[in-house]
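The values are calculated or read from the model by the stated rules, or taken from the named source; none is laboratory data. What you see is a predicted model, and the numbers here were worked out from it, not measured in a lab. Note: ideal-geometry Cβ built from the backbone for every residue, glycine included; neighbour counts use all protein chains shown. The area values use the complete protein model at the heavy-atom level, side chains included, leaving out ligands, DNA and RNA. Shrake-Rupley method; radii C 1.70, N 1.55, O 1.52, S 1.80 Å.
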Amino acid sequence: PVCRKWRELYGCEPPDDPTDERWLKLVSGYFHRFLRGVRQRLDASGRKIRYLVAISRVRGPERDDEWRMHAFDWRKLAAEGVFDGIVADGIQPDPKDVWGSTRRAYEWIVANRGKAEVYFHCSEYDNKQNGVPTYMRLAKLSKGETARKLLETARDAGGAGVVMECVDPHLYGPEIDKVLREFK
């Protein structure tokens, strides 16, 4: 449908460059309507189904181009009450200010959440360079200290909790397990 609409509007094939401003605007509008429609269908079902969206590689207030990253502006949808929850799937910490940049990004997401709860990522996987191993390296902290600091930062920013990428009880190891059990 998006390609068809592009051809109708511009009389040619969609651009090869996925960051073309007109293309992004068209895709973003389509995806916005689609996600809003999902909410409407969930509500019409008569059942209480929680609707969460994951946003990844959040840059926060320093680079306010979130809609380019996700092809929709999650902030507008959150303000409309479309989502019950937002999973911030990885913050890109500033190596020069690891915890300050993370806190600012967390607070920015919470400030833009509408009525949705926000869950922050505590990831052992580090393929995006924003998991526990990256934080350990940048902050020069142990695994347990890093996990505690991520939990504290999420709580202090107003997050509803953290999410972890799998249910394998051995993935995180005893240090993080201990922090998770004891955290208040």
Worksheet entry | the chain: relative contact order as a whole-number percent, Cα under 8 Å and 6+ apart | 16 percent
Worksheet entry | Choice from Gly100, Gly161, Gly46 showing the highest fluctuation, given a GNM over the chain with Cα pairs closer than 10 Å | Gly46
Worksheet, complete the sentence: When every protein chain stays in place and a 1.4 Å probe is rolled, Trp23, Trp6 sorted by accessible area with the largest first are Trp23, Trp6
Worksheet item: Given the protein chains as shown and a 1.4 Å probe, how many square angstrom of Leu9 are accessible, to the nearest 10?
Response: 90 Å²
Discussion item. Probe radius 1.4 Å, ligands and nucleic acids ignored: give me the carbon and sulfur share of the accessible area of the chain as a rounded percent.
Written reply: 52 percent
Worksheet item: For the chain, with the dipole built from +1 on Lys and Arg beta-carbon atoms and -1 on Asp and Glu ones, taken about the Cα centre, which of Ala79, Gly144, Cys3 lies farthest toward the positive end?
Response: Ala79
Discussion item. For a test of the definition: using alpha carbon positions, the gyration tensor, and the 1.5 limit on a/c, classify region 1-133 as rounded, prolate or oblate.
Written reply: oblate
Worksheet item: Excluding ligands, DNA and RNA, what is the solvent-accessible area per residue of region 75-184 at a probe of 1.4 Å, expressed in Å²?
Response: 50 Å²
Worksheet item: Placing +1 at every Lys and Arg Cβ and -1 at every Asp and Glu Cβ, with all other atoms neutral, what dipole size does the chain have around its Cα centre, in debye to the nearest 20?
Response: 540 debye
Worksheet item: How far is it, in nm, from the label point at His170 to the one at Thr19 when both lie 7 Å from their Cα along the line to the Cβ?
Response: 4.3 nm
Worksheet item: What figure in square angstrom, to the nearest 10, would you give for the accessible area of Cys3 with a 1.4 Å probe?
Response: 60 Å²
Worksheet item: Calculated from DSSP H runs of 4 or more alone, at -39500 (n - 2.57) each and per residue, what is the 222 nm mean residue ellipticity of the chain, nearest 500?
Response: -15000 deg cm²/dmol
Fill in: Charge dipole of region 1-59 about the Cα centre (unit charges at C-beta), most positive-ward option of Leu24, Gly46, Leu35
Gly46
Worksheet item: How many lysine pairs are close in the chain, with Cα atoms under 23 Å apart and the two 8 or more places apart or on different chains?
Response: 19
Practice prompt. Compare Ser56, Ser101 by solvent-accessible area with a 1.4 Å probe and give them largest first, with all protein chains kept in place.
Written response: Ser56, Ser101
Worksheet entry | Residue order for Tyr125, Tyr30 - accessible surface, 1.4 angstrom probe, largest first | Tyr125, Tyr30
Worksheet item: Which listed residue (Gln92, Ala116, Pro133) has the Cα farthest towards the positive end of the charge dipole for the chain, taking +1 on Lys and Arg C-beta and -1 on Asp and Glu C-beta about the Cα centre?
Response: Ala116
